[in-house]
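Report on the structure given below.
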Amino acid sequence: MLPATTVPLASSGSFLISPNVGLMIWTIVVFLISLFILRKWVFPLIGEALDKRAETIAGDIDAAAALRKDSEKLLAEYRERLHEARGQADEIVKRARTTADAHEQEARTHAQELTAEGKARAEREIAEATRRALAEIRDEVAKLTILAAEKVTRKSLDESDQRRLVEEALGELDFSAIASTAPTDAANN
Amino acid sequence: MSAMAAAPPAGLPTPEHGMSKGRKALLSLVGVWIGGVVVFIILFGFKSHKAPAVVSGVFSPTDEFKLDTWFKLGPVAFNKGVLYLLITVAITIGLMAYIARRLKQRPGRLQVAVEMFYNFTRGMSKENLDNDMQRKYFPLIATIFVFILVSNLIGYIPLPVDSGETFKLFGASIPSFQIYAADTNVAFPLILALGVFVLFTYEGVRHHGPIGYVKSLMPGGIKGPIVGLIFPIEILSNFLRLVSLTVRLWANLLAGHMLIAFMGGELGVLVGDQWVQWLLLPFGVAIYLFEAVLIAGLQAFIFAILTAIYLGGAVESH
């Protein structure tokens, strides 16, 4: 008569859908405790930390942007300076080259002048030496002529005779050939 | 010459013969599964061997969700549900307080997870609530989220809490292991949903006034006799929020736990066939993973975001 009630027909499952009032109270109490603690001590800390980090990141980004701006400015400045320096260097090189060219030209001209001068001097000296030699030869010839004449005639000649003899002897000698060849030989040596 | 020909060129992968590793592993698992069914049929046969408790109807698979009172302290009764609530609150507060006390400028993994949760919930609140409401109710929404999430997740850890069934270990009677969650009892979601319902009704009345709030439940632009038809429906749907909020969480968790239990062996016990237990085991594992990975978080999220939406909707002017 009693099987329906004696068999613990939990399989009817009514407890599955009927809320357990005790558990409801437990749930709300436990939940409110969690809410209270999290709200008072946990969430503010996390929120604060996140805000702080966000601020730090924003600050870092700003700082990085400023730094970048500065460095870009500096870079531009350096580039300009470098450009200037390069221009100056070019200018210096150009100037140096011009100066060197000028010096070279000058040295060359100077050398040419010196050479020409030396050549002229040498020519002059040769001409002088030739002239002196010729004079000496002339003197020697005159002496020899007189000596020869005295030996031939066995008498000493007076001054007018001597002069006349020398003039005649020298007149017959052609010195021009010697004078024209001597300087060129000296220059070649 | 032969050695050079035999050695595979360095740096080149050796050519694969046949299937990939994953495929092989999968096929061997399927093989073990089917082989196991055959072994069970050979060992125990096709005939069902129902346990006496099943034959007599004493055993009921739903009994593990029963809340037997373990002990009482005055009027306060302790049972399995209470234990799970206490574990939930201990983990919730413990974890959050642990993180909050050790917040670092360079966060670790756990802190990142908690921060992501916090930001996600704050974003969710901001989307649905204006500034004042957000400041007021963000802690509630976040607590609902984390509280239900933790409660759901510990519900997938097998614990020795089934006081209805015991096993002997070194002579001691120990409650059987089971997976249980406080929200498989309708009391848990119902009281939370009730709380939310009361709060959003309070905010609505505070914002619109009693008459204004009732009027605000009507969609805008409806005039004439049709109001008489629409109005009761809107009132009803407002109350149905309470039901849907409750049932969604509760039914998902209860059905999930039952499915895991059934597929994990209970169905085999009921029909009395050992091979059925083995046959259904992979489905039990699959459902377990699905529930623990997806449903636990999803249901907590849905409850939290609906709270935000209802609170936001209550103070919204049509």
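The values are calculated or read from the model by the stated rules, or taken from the named source; none is laboratory data. Predicted, not measured: the structure shown is a model, and the values here were computed from it. Please note: Cβ atoms are built from the backbone with ideal geometry, for glycine as well, and neighbour counts cover all protein chains shown. Each accessible area value is taken on the protein alone, full model and side chains, heavy atoms only, with ligands, DNA and RNA left out. Shrake-Rupley method; radii C 1.70, N 1.55, O 1.52, S 1.80 Å.
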Which values, in whole Å and largest first, are the semi-axes of the equivalent ellipsoid of segment B:64-204 obtained as the square root of 5 times each eigenvalue of the Cα gyration tensor? 34, 21, 12
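Grab the DSSP H runs of the protein assembly as shown that are 4 residues or longer, score each as -39,500 (n - 2.57), total them, divide by all residues and round the 222 nm result to the nearest 500 deg cm²/dmol.
-25000 deg cm²/dmol
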If R0 = 41 Å, then B:Leu169 and A:Leu32, at their Cβ-Cβ distance, give a FRET efficiency to the nearest 0.05 of 0.60
Within segment B:193-234, trypsin sites (Lys or Arg not before Pro) in DSSP loop having at most 12 other beta-carbon neighbours inside 10 Å: B:Lys223
Would you mind giving the total buried accessible surface between chains A and B, with a 1.4 Å probe and ligands, DNA and RNA left out, rounded to the nearest 100 Å²? 3700
Can you give the three extents of the C-alpha atoms in segment A:85-170 along their principal axes, from longest to shortest, in whole Å? 100, 16, 13
Under 23 Å from the Cα of A:Lys143 - lysines, other chains or at least 8 residues apart: A:Lys151, A:Lys155
Gaussian network model of chain B, Cα within-10 Å springs - most flexible of B:Leu26, B:Leu153, B:Leu294: B:Leu26
Descending principal axes extents, segment B:185-225, alpha-carbon based, whole Å: 44, 23, 12
Considering only protein heavy atoms, what is the solvent-accessible area of B:Ile302 at a probe of 1.4 Å, reported in Å² to the nearest 10? 40
Cα atoms only: what Rg and Dmax, in Å, come out for the protein assembly as shown? 59.5, 211
Identify all aspartates and glutamates with a Cα-Cα distance to B:Lys50 below 13 Å; exclude those on the same chain that are fewer than 8 residues away in sequence. B:Glu266, B:Asp273
Principal axis dimensions, segment A:22-188 - Cα atoms, whole angstrom, descending: 186, 21, 21
Send over a whole-number figure in Å² for the accessible area per residue of the protein assembly as shown, probe 1.4 Å. 63
Give the carbon-plus-sulfur fraction of the accessible surface of the protein assembly as shown in %, rounded to a whole number; probe 1.4 Å, heavy atoms of protein chains only. 66
Mean Kyte-Doolittle of at least -1.0 and a Cα length of 27 Å or more along the axis: which whole DSSP H helices of chain B meet both? B:21-44, B:80-101, B:109-128, B:131-154, B:187-208, B:226-261, B:296-314
Efficiency of FRET from Cβ geometry, A:Asp70 and A:Ala107, R₀ 45 Å, rounded to 0.05: 0.25
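For B:81-93, what's the mean count of beta carbons from other chains sitting within 10 Å of each residue's beta carbon?
Numbers: counts 6, 7, 0, 2, 7, 2, 0, 4, 8, 2, 0, 7, 8.
For this peptide, the per-residue mean of nearby foreign Cβ atoms is 4.
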Distance between Cα centroids, segment A:125-147 to segment B:111-177: provide it in whole Å. 142
Computed FRET value (nearest 0.05) for A:Ala54 with B:Phe301, which takes r as the C-beta separation and R₀ as 30 Å: 0.80
With Cα springs under 10 Å, the Gaussian network model of chain B assigns the largest mean-square fluctuation among B:Ser28, B:Ser163, B:Ser237 to B:Ser28
Could you name the lysines whose alpha carbon sits less than 19 Å from that of B:Lys215, not counting residues in the same chain fewer than 8 places away? B:Lys223
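Which order do the peptides B:172-183, B:109-120 come out in when sorted by mean C-beta neighbours inside 10 angstrom, highest first?
Result, highest mean Cβ count within 10 Å first: B:172-183, B:109-120.
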Calculated P(r) of chain B - Cα pairs past 35 Å, %: 45
A:Lys40-B:Lys104 pseudo-label distance in nm [points 7 Å out on the Cα-to-Cβ vector]: 2.9
